[in-house]
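Reviewing the structure listed below.
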Amino acid sequence: MLAALGVVLLCLGSFIEVVDISMAVVASLFCVFAVIEYGKSAPWLVFGVTAVISLVIIPLNSPAIMYTLFFGYYPILKEKFEKLRAVTSWVLKELVFNVALALMLVSLKLIIFPTLDIPFVLYLLVVLVCEVVFVIYDFALTRLISLYVYRLRKRFRIK
C-alpha cells in the first residue's frame, strides 16, 4: 500500500510539473513510515517497488528519477547514519548526497539535454544551492520524523 501511494504521488508530480521535486520528497515519507513501523527490509521493498513501477509507468520521469536517485533511499540511510557519531553521520550524508547530485546532473546533461552547453560556473552555482537545500531538507525530515514518532503515532494508536 505504501508503494502504491508513493507511485500515485510521483504520477501526480509528473502531471503537474511544478511540484515534481515536492512529490518526490513527499513520496519518500512512505519510506520513513516503513522504517519506523516495520524496519528491516520493508523500507527497501517500499523504495524498490515504488522506484521500479514509477520509472516504468510515469510518462515524464523527472519525479521518478529524483526519487530513485536520492529521495527514496535517503530516509532509510538517514536512520542508519544517525546511529553514528554526529561528524561521521554528516560526512556520510554529504557523501551520499553529492554522489546522488552528481548522478542527477550527469543524467540531466547526457539524457535530457545532450546538446545544451552549460557553463561550469552554472554547475557550481547549482551545487552550492543544492547543498544549502539539502541541509534544510535533512533538518526538516528530522523534525517530521520527531513529529510523527512523538505526537501523531499516539493519535493513530500505532504501538
Within the range 56-159, chymotrypsin sites (Phe, Trp or Tyr not before Pro) in DSSP loop having at most 13 other beta-carbon neighbours inside 10 Å: Phe156
Over the Cα atoms of the range 88-159, how large are the radius of gyration and the largest Cα-Cα distance (Dmax), in Å? 17.6, 54
Provide, for the chain, the number of lysine pairs with alpha carbons under 26 Å apart, each pair being eight or more places apart or on different chains. 16
Counting only other residues whose beta carbon sits under 10 Å from that of Phe97, what net charge do I get with K and R as +1, D and E as -1? -2
Show that you can apply the helix-only estimate: for the chain, add -39,500 (n - 2.57) for every DSSP H stretch of four or more residues, divide by all residues, and state [θ] at 222 nm to the nearest 500. -23000 deg cm²/dmol
Taking the C-alpha atoms of the chain, how large are the radius of gyration and the largest Cα-Cα span, Dmax, in Å? 16.3, 54
Once you put a point 7 Å from the Cα of Leu105 and another 7 Å from the Cα of Lys83, both along the Cβ direction, what distance in nm separates them? 3.2 nm
Take each uninterrupted DSSP H stretch in the chain, measure its Cα extent along the helix axis, and return the ones at 24 Å or beyond whose mean Kyte-Doolittle hydropathy is at least 1.6. 20-37, 86-107, 120-147
Give me the extension gain from Leu125 to Glu94: residue separation times 0.36 nm, minus the current Cα-Cα distance, reported in nm with one decimal. 9.5 nm
Charges at C-beta only: +1 for Lys and Arg, -1 for Asp and Glu. How large is the resulting dipole of the range 2-155 about its Cα centre, in Debye rounded to 20? 740 debye
Can you pull out the trypsin sites (Lys or Arg not before Pro) in the range 73-104 whose DSSP state is coil and whose Cβ has at most 13 other Cβ atoms within 10 Å? Lys83, Arg85
Lys/Arg Cβ at +1, Asp/Glu Cβ at -1, dipole of the range 1-96 taken about the Cα centre: which of Leu45, Pro63, Leu92 is farthest positive-ward? Leu92
Gained length - Lys40 relative to Ile118, 0.36 nm times residue gap less alpha-carbon distance: 23.9 nm
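Where a number appears in this text, it was derived from the coordinates with a stated rule and is not lab data. It should be emphasised that the depicted structure is a prediction, and the values quoted were computed from it without experimental measurement. When we count neighbours, we look across all protein chains shown, and the Cβ atoms used for this are built from the backbone with ideal geometry, even at glycine.
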